[in-house]
Amino acid sequence: MPAEPCPPAQEIRLVEASPLTPLPLSEVSAGYSLSLATTSMGPASLPRWCVWVQPATGNPPDRWQARWLSAVDEALDTWSAHLPVVRVQDPGRAHVQLLRRRPPRRRTASGWRASNGRSRLQIVRARRRGVWRFEPKVSVLVSPELRAPVLQATALHELGHAFGLWGHSSDSGDAMAVHQGKAPVLKLSERDLETLQWLRSQDARFGVSEGSETQD
């Protein structure tokens with residue numbers, strides 16, 4: 001019988017709350033990989049991602065929650081076509097949690113700034129099936145108070161961060177652009193895909209077993 005792809009966490013211990021640093025310069029790069037940040041254990045990338053999406057509070061959901069879920073599903077399906085993603089019903093099984101929530105305003109040099117979405121990365125040690133592994137743990141906030149195309153583009157962008165693209169492109173046609181053009185970007189560009197492929201080819205310690213113990 002095949003192993004369960006997203007087992008529940010028996011225990012989680014926080015390792016780092018703010019782990020991102022610039023990538024060292026490399027002669028081998030692709031897309032906008034030179035703009036990405038990394039962690040002390042390499043890029044925050046996993047062979048397979050387990051994702052939980054906040055469900056609606058009603059059945060059926062109201063029109064606003066239904067619109068949010070539809071946009072987030074479209075964005076998640078777009079990424080799922082290019083890397084292994086498993087949808088889970090229990091947030092305790094997830095590496096990435098997608099939350100229907102307006103991000104808090106952020107202080108900048110020019111004052112307080114609102115944003116459509118935000119992703120927060122933590123590094124944890126998680127024990128699953130009696131085995132400890134280092135994992136990225138990501139909370140993705142996507143505001144429900146957006147037009148449907150902007151909502152989908154925001155979810156697509158923030159999921160890119162969640163899946164390890166901790167940086168931005170300078171090209172407005174990329175999903176990971178720091179500033180997008182007038183039309184929301186709803187699909188991944190060639191540069192997005194080149195950067196993702198490069199990222200997933202890099203060495204990292206995430207998802208590697210640290211040894212086993214008796215399972216609870």
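The values are calculated or read from the model by the stated rules, or taken from the named source; none is laboratory data. What you see is a predicted model; the values in this text were computed from it and never measured. A quick note on method: Cβ atoms are made from the backbone with ideal geometry, for glycine too, and the neighbour counts reach across all protein chains shown. SASA here: full protein model, heavy atoms, side chains in, ligands and nucleic acids out. Shrake-Rupley method; radii C 1.70, N 1.55, O 1.52, S 1.80 Å.
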- Residue hits (region 136-176; in contact (Cβ under 8 Å) with a residue 40 or more places away in the chain and charged (D, E, K, R)) are 137, 145, 158, 171, 174
- If you go through region 161-196, how many residues are under 19 Å from residue 75 (Cβ atoms), out of contact with any helix residue (DSSP H, G or I) (no Cβ under 7 Å at 6 or more places or on another chain) and not charged (D, E, K, R)? 13
- Item | Inter-residue pairs, beta-carbon under 7 Å, first in contact (Cβ under 8 Å) with a residue 24 or more places away in the chain and assigned to a helix (DSSP H, G or I) and in region 66-85, second among the charged types (D, E, K, R) and open to solvent by 60 Å² or more (accessible area, probe 1.4 Å), 6+ apart | 78/187
- Task: For region 157-177, enumerate the residues that are in a loop (DSSP other than H, G, I, E, B) and either crowded, with 19+ Cβ neighbours inside 10 Å or at pLDDT below 90 (or both).
- Result: 163, 164, 165, 166, 167, 174, 175, 176
- Please list, ordered by first then second residue, the pairs with beta carbon atoms under 9 Å, 6 or more apart or interchain, first in region 86-100 and under 21 Å from residue 152 (Cα atoms), second of a type in the set (D, E, K, R) and open to solvent by less than 40 Å² (accessible area, probe 1.4 Å). 95/135; 98/158
- Exactly one of (1) without any contact (Cβ under 8 Å) to a residue 12 or more places away in the chain; (2) crowded, with 16+ Cβ neighbours inside 10 Å is unmet by residue 51. Its number? (1)
- Matching residues in region 103-138 (buried (at least 17 other Cβ atoms within 10 Å of the Cβ), assigned to a strand (DSSP E or B) and not basic (Lys, Arg)) number 12
- Look at region 139-156 and say how many of its residues are closer than 29 Å to residue 206 by Cα, outside any helix (DSSP H, G or I) and open to solvent by 20 Å² or more (accessible area, probe 1.4 Å). 2
